[in-house]
Amino acid sequence: MRNYEAIKSFEENENDEDLEIGKQEQQHDDNNGSDQISDSATTKLKNKIMNKIVVDECSSSSSIKSQRLLSLDVFRGLTVALMILVDDAGGLIPALNHSPWNGLTIADFVMPFFLFIVGVSLAFTYKKPSCKVDATSKSILRALKLLALGIFLQGGYVHRVNDLSFGVDLKQIRWMGVLQRIAVAYLITALCEIWLKREDIVNCGSTLLRKYRYQWALALFLSVIYLCLLYGMYVPDWEYEVPTEPSKAPSIFSVKCGVRGDTGPACNVVGMIDRNLLGIHHLYRRPIYARMPECSINSPDYGPLPPDAPSWCQAPFDPEGLLSSVMAIVTCLIGLHYGHIILHFKDHRIRIIYWMIPTSCLVVSGLVLDLFGMHVNKVLYSLSYTCLTAGASGILFVGIYLMVDVCGYSRMTSILEWMGMHALMIYVLAACNIFPIFIQGFYWGNPHNNLVISMSYFTII
């Protein structure tokens with residue numbers, strides 16, 4: 001505020017001096033009857049204008065630097081670190097692995113954290129777009145780039161570690177994935193921020209809600225559509241194929257359903273929509289429910305099928321499907337609201353109060369919904385899961401904000417801040433196996449004699 005007042009007083013003094021110079025020039029013209037401004041007055045006026053331009057550039061550049069929220073980068077870096085930990089240690093420690101179906105583990109917070117962070121960032125990105133059409137085209141282009149990158153990395157073209165095959169059959173390419181879901185949520189939320197907000201002045205919580213009421217209406221609409229489809233659509237019987245030996249015909253399994261409102265692994269609407277719209281051959285082939293006790297003797301890890309395993313255990317199922325991505329958009333919109341609070345309120349205490357009110361409501365709502373039968377389920381992205389993970393995102397964000405931006409303990413989190421500023425690069429290299437696959441490409445004599453497989457062998461020993 002002091003800097004603003006100093007700049008404001010400087011500008012007012014400059015305007016007064018410029019006005020005085022103009023009056024002197026006008027008086028000089030009237031007295032001498034000349035049409036030209038004196039050289040001394042012109043030089044002085046140019047110097048004043050140049051000094052003012054320099055000050056404006058310096059103040060604008062410093063304001064741009066100060067607008068970067070360190071706690072947001074730290075939060076993003078912490079999420080990336082958590083993702084790497086889950087991918088590397090999830091198979092060894094069940095608490096770090098995804099829940100096979102209902103329930104919540106540390107790994108199940110990673111995706112909502114990313115979506116929440118995207119929403120907060122979009123509040124800054126499209127705060128005051130100079131041209132809404134240009135901003136819309138840029139958001140669409142960014143979403144398409146992220147979507148294409150996700151299909152390339154998770155569609156099957158990039159093989160898994162120790163799988164030395166190359167390329168992907170377009171008949172079986174996976175269309176959805178982590179980056180694809182983020183791209184969809186990014187695009188819808190960006191369009192909301194560009195087009196669905198009013199020009200009202202925000203000075204309290206009620207005016208904040210009134211300014212962005214159309215965005216909240218969209219979040220409510222998406223939630224209602226999701227619930228109506230999840231509990232109202234009819235799921236018929238279906239079947240799928242499991243390939244066997246190349247010379248033999250694939251095995252065909254039939255799954256009996258004929259129900260509505262089922263949220264189990266076999267007969268839920270989320271899987272039915274993906275099978276009909278995306279195609280069953282384009283879904284994730286290692287379903288998360290294959291780690292359930294009904295489907296694995298090594299549960300909660302993958303393993304051989306039990307003798308009495310149900311027919312749906314080997315069926316493809318995409319954890320980032322179409323209907324579940326609808327609620328992912330809602331998580332992104334909730335994060336957008338937290339970003340709006342940063343933009344419109346500068347006092348730390350006010351920000352924390354306005355953050356903790358929806359955070360508390362979300363956590364309580366998630367727990368109550370789970371208690372009354374709407375179970376927390378990451379794969380279905382249930383409403384209780386949306387509320388609980390969004391509330392957890394708010395709690396963690398407020399804690400990091402207090403530590404980094406309020407108390408100033410940024411040196412302790414410098415590594416996480418760097419990881420947050422390079423999150424996509426780290427995700428591509430570490431989580432998508434690009435770096436180990438690159439190392440694996442150099443071998444000795446036989447493709448299996450590579451550094452990655454050798455390190456895995458010595459780790460097992």
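The values are calculated or read from the model by the stated rules, or taken from the named source; none is laboratory data. On a predicted model such as this, the values are computed, not experimentally measured, just so you know. All Cβ positions, glycine included, derive from the backbone under ideal geometry; neighbour counts span all protein chains shown. The protein model used for the area step is the full one, side chains on, heavy atoms only, and it has no ligands, DNA or RNA in it. Shrake-Rupley method; radii C 1.70, N 1.55, O 1.52, S 1.80 Å.
Values as computed for the structure displayed
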item: The stretch 80-104, residues that are open to solvent by less than 20 Å² (accessible area, probe 1.4 Å), touching a residue at least 60 places away in the same chain (Cβ under 8 Å) and not small (Gly, Ala, Ser); result: Val80, Met83, Trp101
item: Residue, nearest to Leu70 (Cα to Cα), within the stretch 119-136, restricted to residues that are β-branched (Val, Ile, Thr) and open to solvent by 30 Å² or more (accessible area, probe 1.4 Å); result: Thr125
item: Flag for Ser206 being farther than 21 Å from Leu122 by Cα, open to solvent by 40 Å² or more (accessible area, probe 1.4 Å) and either in contact with a strand residue (DSSP E or B) (Cβ under 9 Å, 6 or more places away or on another chain) or in a loop (DSSP other than H, G, I, E, B) (or both); result: no
item: Hits in the stretch 306-365 - residues which are free of Cβ contacts under 8 Å to residues at least 40 places away in the same chain, under 26 Å from Pro100 (Cβ atoms) and hydroxyl-bearing (Ser, Thr, Tyr); result: Ser365
item: Check on Leu380, in contact with a Ser or Thr (Cβ under 9 Å, 6 or more places away or on another chain), surrounded by fewer than 21 Cβ atoms within 10 Å (Cβ to Cβ) and either modelled with pLDDT of 95 or more or not charged (D, E, K, R) (or both); result: no
item: Residue match in the stretch 163-176 (condition: part of a helix (DSSP H, G or I) and modelled with pLDDT of 90 or more); result: no
item: Residue list for the stretch 289-299, filter: outside any helix (DSSP H, G or I) and either closer than 19 Å to Asp108 by Cβ or open to solvent by less than 20 Å² (accessible area, probe 1.4 Å) (or both); result: Met292, Pro293, Cys295, Ser296, Ser299
item: Subset of the stretch 422-454 that is surrounded by fewer than 17 Cβ atoms within 10 Å (Cβ to Cβ) and at pLDDT 85 or above - its residue that is nearest to Val118 (Cα to Cα); result: Leu424
item: Filter result for Ile225 (open to solvent by 20 Å² or more (accessible area, probe 1.4 Å) and part of a helix (DSSP H, G or I)); result: yes
item: Where Leu388 falls short, out of the listed (1) in contact (Cβ under 8 Å) with a residue 40 or more places away in the chain; (2) farther than 23 Å from Arg291 by Cβ; result: (2)
item: The stretch 171-203: number of residues that are within 21 Å of Leu218 (Cβ to Cβ), open to solvent by 40 Å² or more (accessible area, probe 1.4 Å) and among the aliphatic types (A, V, I, L, M); result: 5
item: Count of the stretch 406-416 residues which are touching a helix residue (DSSP H, G or I) at 6+ places or on another chain (Cβ under 6 Å) and either buried (at least 21 other Cβ atoms within 10 Å of the Cβ) or at pLDDT 90 or above (or both); result: 3
item: Qualifying residue in the stretch 120-134 (condition: over 20 Å from the mean Cα position of the chain (by Cα) and among the basic types (Lys, Arg)); result: yes
item: Tyr302, sole failed condition from (1) hydroxyl-bearing (Ser, Thr, Tyr); (2) closer than 27 Å to Val86 by Cα; (3) surrounded by fewer than 17 Cβ atoms within 10 Å (Cβ to Cβ); (4) in contact (Cβ under 8 Å) with a residue 24 or more places away in the chain; result: (4)
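To keep it simple, each residue is scored yes or no on (1) touching a Ser or Thr at 6+ places or on another chain (Cβ under 6 Å); (2) part of a helix (DSSP H, G or I); (3) of a type in the set (Ser, Thr, Tyr).
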position	(1), (2), (3)
Ala217	no, yes, no
Phe221	no, yes, no
Tyr231	no, yes, yes
Glu239	yes, no, no
Glu245	no, no, no
Ala249	no, no, no
Asp262	no, no, no
Cys267	no, no, no
Ile273	no, yes, no
